[in-house]
Amino acid sequence: MQEKEDNNPEQEPMEEAVNQATDMRGEQGVQEESTKIAELQQQLDESRNKYLYLFSDFENYRRNAARDRIEMMSTAGRDIMTSLLSILDDFDRASKNAELSDGTVLIHQKLVNTLKTKGLKATEVSPGDAFNADLHEAILEIPAPTEDLQGKIVDIIEQGYTLGDKNIRFAKVVVGK
């Protein structure tokens with residue numbers, strides 16, 4: 001075994017220099033490690049932010065796609081419904097002008113019920129109602145027969161319809177001025 005000599009004066013400055021060098025390397029090592037840790041933490045934060053942005057974008061896309069699908073399904077038959085409205089109008093005009101046979105009345109009711117089950121609703125409008133440009137289309141303006149009908153609906157030419165929450169045809173009305 002080697003014994004350490006405590007009295008050697010030449011060895012003390014050398015040990016002190018080695019200790020200082022080790023301390024300096026240790027401080028540099030700690031600084032380098034803390035720099036690396038800071039860089040890694042910054043990369044982690046950037047990756048986390050990218051992930052959150054991507055996740056948020058995907059959630060927005062998913063919500064918008066679901067909303068678009070629901071809207072498309074609710075208005076998918078809009079073109080067909082619009083074309084069937086003219087047939088429905090013809091039935092209504094025929095029933096007002098002539099006595100229809102029982103079979104024709106049944107066909108009319110079946111058409112009306114089928115369109116209702118598909119989401120078609122008639123816009124509620126009657127003479128004396130206030131004119132609303134969001135629901136009505138004024139095709140004619142006549143002098144009001146009475147003062148209380150000024151600015152109000154005097155007659156209904158064509159019924160308006162909505163499909164779901166969307167207006168597919170405005171009610172065509174005559175307005176008193």
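Some notes on this structure:
- In the stretch 87-116, the residues that are under 16 Å from GLY160 (Cα atoms), without any contact (Cβ under 8 Å) to a residue 24 or more places away in the chain, open to solvent by 60 Å² or more (accessible area, probe 1.4 Å) and not acidic (Asp, Glu): ARG93, LYS116
- Residue count, the stretch 120-131 (criterion: open to solvent by 60 Å² or more (accessible area, probe 1.4 Å), under 36 Å from the mean Cα position of the chain (by Cα) and of a type outside the set (Gly, Ala, Ser)): 3
- Looking only at the stretch 100-119, and only at residues there that are within 27 Å of the chain's Cα centre (by Cα) and modelled with pLDDT of 90 or more, the one that is farthest from PRO145 (Cα to Cα): THR117
- Each residue in the stretch 52-84 was checked for being among the polar types (S, T, N, Q) and within 22 Å of GLY119 (Cα to Cα), and 4 of them qualify.
- Flag if ILE157 is assigned to a strand (DSSP E or B), more than 19 Å from PHE91 (Cα to Cα) and either in contact with a Leu (Cβ under 8 Å, 6 or more places away or on another chain) or open to solvent by 40 Å² or more (accessible area, probe 1.4 Å) (or both): no
- For ALA144, the conditions (1) surrounded by fewer than 17 Cβ atoms within 10 Å (Cβ to Cβ); (2) under 24 Å from GLU71 (Cβ atoms) all hold with the exception of (2).
- Of all the criteria given as (1) of a type in the set (Ser, Thr, Tyr); (2) part of a helix (DSSP H, G or I); (3) closer than 29 Å to ILE153 by Cα, the one not satisfied by THR104 is (3).
- Cβ-Cβ contacts under 8 Å between residues 6 or more apart (or on different chains), taken from a first residue in the stretch 145-173 that is at pLDDT below 90 to a second residue that is open to solvent by 90 Å² or more (accessible area, probe 1.4 Å) and assigned to a strand (DSSP E or B), are listed as LEU163/LYS121.
- Applying the criterion of being surrounded by 11 or more Cβ atoms within 10 Å (Cβ to Cβ) and of a type in the set (D, E, K, R) to the residues of the stretch 132-141, the residue that is farthest from VAL175 (Cα to Cα) is GLU137.
- Evaluation of TYR53 against (1) surrounded by 14 or more Cβ atoms within 10 Å (Cβ to Cβ); (2) modelled with pLDDT of 90 or more; (3) farther than 21 Å from VAL174 by Cβ (one fails), failing number: (1)
The values are calculated or read from the model by the stated rules, or taken from the named source; none is laboratory data. From a predicted model like this one, the values you see are computed outputs, not experimental measurements. Quick reminder, even Gly has a Cβ in these numbers, built from the backbone with ideal geometry, and neighbours come from all protein chains shown. Note: accessible area is taken over every heavy atom of the protein model, side chains too, but ligands, DNA and RNA are not part of it. Shrake-Rupley method; radii C 1.70, N 1.55, O 1.52, S 1.80 Å.
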